[in-house]
């Protein structure tokens with residue numbers, strides 16, 4: 001991990017990443033209440049980790065990574081994303097957008113605001129996505 005990436009991740013964690021990462025994990029716990037929600041909950045914990053330390057990682061579609069469609073990138077994934085959006089996605093996206101606006105107030109906060117926008121877009125439709133190291137992909 002480069003020193004700059006480490007500094008950005010620490011600053012991110014202290015200036016909003018902790019709050020939104022915990023929000024993702026809270027939603028993950030809510031998803032574990034039902035058996036149907038377990039895959040959603042697992043995804044929340046993975047994305048929550050991304051929300052804690054986003055620099056050096058990115059999200060991509062699994063069909064782009066593996067070169068083939070799977071259950072999460074096909075029609076069932078679309079249905080899952082619609083349910084997700086209605087229950088939790090919109091609220092997590094609003095949280096990230098509020099943090100992004102706060103970050104865009106200062107010039108130094110612009111990279112953090114951009115990361116919040118990326119996470120807001122991910123929170124709208126996370127089914128069928130995976131997290132990869134930026135350098136590895």
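Bear in mind these aren't lab numbers, they're just calculated from the coordinates by the rules spelled out. This is a predicted model, so every value here is computed, not measured. Every residue, glycine as well, gets a Cβ built from its backbone with ideal geometry; the counts of neighbours run over all protein chains shown.
Quick notes on this one:
- Computed over the chain, the per-residue total of -39500 (n - 2.57) for DSSP H runs of n ≥ 4 gives a 222 nm mean residue ellipticity of -19000 deg cm²/dmol, rounded to 500.
- In degrees, nearest ten, helix 38-52 long axis to first principal axis of the chain (Cα): 10 degrees
- Expressed per residue, the C-alpha convex hull volume of region 78-122 stands at 41 Å³.
- In this label model, residue 19 and residue 131 are separated by 2.0 nm, measuring between points 7 Å along each Cα→Cβ vector.
- Compared with the dominant principal axis of the Cα atoms in the chain, helix 3-12 is inclined by about 70°.
- The chain, relative contact order [Cα under 8 Å, separation at least 6], %: 28 percent
- C-alpha long axis of helix 110-124 to longest principal axis of the chain, angle in °: 10 degrees
- Packing, taken as the mean count of other beta carbons within 10 Å per residue, orders the peptides 103-112, 49-58 from highest to lowest as 49-58, 103-112.
- Rg and Dmax of the chain, based on Cα coordinates, read 14.9, 45 Å.
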